[in-house]
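The values are calculated or read from the model by the stated rules, or taken from the named source; none is laboratory data. What you see is a predicted model; the values in this text were computed from it and never measured. Cβ placement follows ideal geometry from the backbone for every residue including glycine, while neighbour counts extend to all protein chains displayed. Only protein heavy atoms, including side chains, enter the accessible area calculation; ligands, DNA and RNA are left aside. Shrake-Rupley method; radii C 1.70, N 1.55, O 1.52, S 1.80 Å.
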Amino acid sequence: MSDTVTVLGMSGSLRKTSFNTAALRATAELLPEGMTLEIADLRDLPHYDDDVRLAGYPPVVQQFRDRIKAADAILFVTPEYNYSVSGVLKNAIDWASRPPDQPFNWKPCAMISASGSLLGGVRAQYHLRHMCVSLNCFPLNQPQVYITEAPKKFDAEGRLTDEATRGFIRQLMTELKSFTLRWKRGTA
Ligand SMILES: Cc1cc2nc3c(=O)[nH]c(=O)nc-3n(C[C@H](O)[C@H](O)[C@H](O)COP(=O)(O)O)c2cc1C
């Protein structure tokens, strides 16, 4: 069995200067050896419509579902909108959550949130953890990475400059790797 762990990451913010998307980009520089990160852009997913689903998943949705299925683990990076995840992320999760062969099923995941507030999106993460119950997707419990006061942690080009935060993300991804390998080997 391969010791490589492939991760699919997604950011719940579409804006160009998003702190969450910047954190996702930074994560690609902070991976342990033997881990790869691909990024799914949620921009082109249509609004969830069950009539559309019943007529057949649109290709863009099917590709998104296939990428989740193919990954060993998922990384959610989410803003906090009104104490929860953004509609963009919720919409993506809803598309992926329907049968057949629900791709989040039994998948390890980790999460990061960034917000301008002192709480760093903690309430969005708790909602996301709750959603994972419905998805049967298994979040890493520790460490928890909340990027508080996000404008202070990134430079004008959107680079994550805060060393402590870089360290937390490195630790998160190292733990996700070991959690996922235990999962793949059936020893979790
Ligand atoms: C509709 C909306 C609701 C928001 N609600 C919250 C909130 O409940 N808690 C919070 O900490 N920040 C809230 N914010 C502020 C966002 O966390 C902040 O704009 C953040 O930078 C968005 O993430 P992004 O930089 O990745 O786009 C809200 C922003 C928007 C646009």
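A few comments on the model shown:
- Rolling a 1.4 angstrom probe over the chain with all protein chains present gives an accessible area of which 53% lies on carbon and sulfur atoms.
- Region 34-116: translational diffusion in µm²/s, Stokes-Einstein, Kirkwood Rh over Cα pairs, 4 °C, 1.567 mPa s: 94 µm²/s
- The chain: calculated mean residue ellipticity at 222 nm from DSSP helix runs of at least 4, using -39500 (n - 2.57): -12500 deg cm²/dmol
- Computed with a 1.4 Å probe over protein heavy atoms only, the accessible surface of the chain comes to 50 Å² per residue.
- Distant alpha-carbon pairs in region 88-183 (separation over 16 angstrom), percent: 61 percent
- Residue of LEU172, LEU89, LEU118 that the Gaussian network model of the chain assigns the largest fluctuation, springs spanning Cα pairs under 10 Å: LEU118
- The label point for LEU119 and the one for ARG43, both projected 7 Å from the Cα toward the Cβ, are 3.0 nm apart.
- Placing +1 on the Cβ of every Lys and Arg and -1 on the Cβ of every Asp and Glu, with no other charges, gives the chain a dipole of roughly 260 debye about its Cα centre.
- Cα radius of gyration and Dmax for the chain (Å): 15.8, 49
- Using a Gaussian network model of the chain in which every pair of alpha carbons under 10 angstrom is joined by a spring, one finds that among ASP66, ASP162, ASP51 the greatest mean-square fluctuation is at ASP51.
- Inverse of mean 1/r across different Cα pairs in region 1-55, Kirkwood, Å: 13.4 Å
- Centroid-to-centroid separation of region 106-144 and region 7-61 [C-alpha atoms, Å]: 15 Å
- Across the chain, the relative contact order, built from alpha-carbon pairs under 8 Å that are at least six residues apart, equals 25 percent.
- Springs between Cα atoms under 10 Å define the GNM used for the chain, and in it the highest mean-square fluctuation of GLU157, GLU149, GLU29 occurs at GLU157.
- Overall form of region 108-158 per C-alpha gyration tensor (a/c, 1.5; a/b vs b/c): prolate
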